[in-house]
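I have placed the structure first, in the form of structure tokens, so that the comments after it can refer back to it.
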Amino acid sequence: MPKRKKIDNKKLIQMVKDGKVQKEILEKFGFNTSTQLKIAYANALMDEGQAPEIKTGTKGMVSEKAKNAPAPIKTAP
């Protein structure tokens with residue numbers, strides 16, 4: 001997987017808010033596709049605290065279903 005591009009989040013957010021054309025933003029930041037731009041914009045918003053971060057995984061957490069599940073029945077050998 002390629003390394004994440006280093007971009008200025010504030011500049012990207014400002015360009016989008018100013019209504020700059022997508023093609024201009026793609027060229028300025030060196031993106032090849034609109035998907036790259038959209039992902040970078042979403043990441044910039046999350047990094048700057050303007051959008052809530054997406055929580056991933058359940059590492060160390062027990063689901064509600066598992067909490068409410070009955071204990072396994074032990075049988076004698």
>> With the requirement that a residue be in a loop (DSSP other than H, G, I, E, B), out of contact with any Lys or Arg (no Cβ under 9 Å at 6 or more places or on another chain) and surrounded by 14 or more Cβ atoms within 10 Å (Cβ to Cβ), what does the stretch 1-43 give you?
In response: 7
> Which pairs have Cβ atoms under 9 Å, sit 6 or more apart or on different chains, and link a residue in the stretch 23-43 that is touching a residue at least 12 places away in the same chain (Cβ under 8 Å) to one that is acidic (Asp, Glu)?
Replying inline: 29/8
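FYI, it's all coordinate maths here, none of it is from the lab. Every value quoted in this text rests on a predicted model; they were computed, and no experiment measured them. Note: ideal-geometry Cβ built from the backbone for every residue, glycine included; neighbour counts use all protein chains shown.
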